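Chemist: One structure is given below, represented as structure tokens, and several questions about it will come after.
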Amino acid sequence: MNRRTAIVWISVATAISIFVVLTIVRRPPDTDTSSDRALERRLEHLRSVPYTTMTEEAVGDEMSGVMVYDSLRTWRGYQIFCSAISPEVLLMDMRGEIVHRWFYPEKRQRRWTWAPALMLPDGDVIVVSKMKNIKRLDWNSNLIWQLDVEAHHEVSLAPDSTIYTLFRDIRHYRGLRVRFAVILHLTPDGKEIDRWSSYEHLDEIRAAFDTRSFLDTILDSLEEHGGIGSIQSTIPGRFEVYQRLGENIYDYFHMNTVSILPENDLSDDERF
């Protein structure tokens, strides 16, 4: 991967992923953007964008769908949405009406769903399945290709029509099973072009980030203080532990997003 063309935002590892469909509200620009007051107003607009949440109270049919649609203050267009209960992708208009549906049955489909999904210009979709694969479907939901890899969170289209996704790679490191993040670069036909693994770039990560959150620093503290619980309070979210078949799996540098940088004035910056 050309290290000048891609940048990764590394999230603190969260236990639950919340999928949010947002409508971008068009607001008039502030006239006094140089003032602290104008900046605070713009930040307050950003803070007001809600996350989805849930309630244990049953919601009646009259509360389903799009409840408020102000066409004068929203962009016209469509929303693409992955169902949380079925292996399907829905294309909806701004009023919440379903325009098109892609569906492809999975084994144990009540348990395994899709997220996220990317719609391509020709009407195909690429979906990340919790059945530990990534697949491409045509407009009529026919399977074009499937790649069996534990992808998650992201599928991104580059300007050259190649595809980026993320997957987890478990390696033995200092006597532990550690799950490292990998960026996978694919052709439109689902063939691997190259990959970038955090495991193979630990020296670069050590040089670029606060060493207090570096893997070896955390493991040294783990050994010194006798357990993962002793360091979670000092380095929250940096190092998560999962159980798989009775064995601990340690998650380090959990990536959620990969984006392509266009040509810009930072192309000669050593960090890229």
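Chemist: Quick test for you: out of LEU137, LEU176, pick the one residue that is closer than 18 Å to PRO188 by Cβ, touching a strand residue (DSSP E or B) at 6+ places or on another chain (Cβ under 7 Å) and of a type in the set (A, V, I, L, M).
Modeler: Testing whether each residue is closer than 18 Å to PRO188 by Cβ, touching a strand residue (DSSP E or B) at 6+ places or on another chain (Cβ under 7 Å) and of a type in the set (A, V, I, L, M) leaves just LEU137.
Chemist: Is it the case that some residue within the range 24-31 is modelled with pLDDT of 75 or more and either within 30 Å of ASP194 (Cα to Cα) or loosely packed, with under 10 Cβ neighbours inside 10 Å (or both)?
Modeler: no
Chemist: More than 30 Å from LEU147 (Cβ to Cβ) and either modelled with pLDDT of 80 or more or open to solvent by 80 Å² or more (accessible area, probe 1.4 Å) (or both): does that describe ARG47?
Modeler: When the stated conditions are applied, ARG47 passes them.
Chemist: When you go through (1) outside any loop (DSSP other than H, G, I, E, B); (2) open to solvent by 50 Å² or more (accessible area, probe 1.4 Å) one by one for ASP160, which number turns out not to apply?
Modeler: Among (1) outside any loop (DSSP other than H, G, I, E, B); (2) open to solvent by 50 Å² or more (accessible area, probe 1.4 Å), ASP160 violates only (1).
Chemist: Okay, next question. Which condition number does ARG174 fail, the rest of (1) under 19 Å from PRO116 (Cα atoms); (2) touching a helix residue (DSSP H, G or I) at 6+ places or on another chain (Cβ under 6 Å) being met?
Modeler: (1)
Chemist: Then there's this: Is it fair to say VAL128 is within 20 Å of HIS254 (Cα to Cα), in a strand (DSSP E or B) and without any contact (Cβ under 8 Å) to a residue 24 or more places away in the chain?
Modeler: Taking the combined requirement at face value, the residue does not satisfy it.
The values are calculated or read from the model by the stated rules, or taken from the named source; none is laboratory data. Quick caveat: nothing in here was measured; it's all calculated off a predicted structure. Because the Cβ atoms are built from the backbone with ideal geometry, glycine has one as well, and the counts that use them run over all protein chains shown. Note: areas computed on protein heavy atoms with side chains; ligands, DNA, RNA excluded. Shrake-Rupley method; radii C 1.70, N 1.55, O 1.52, S 1.80 Å.
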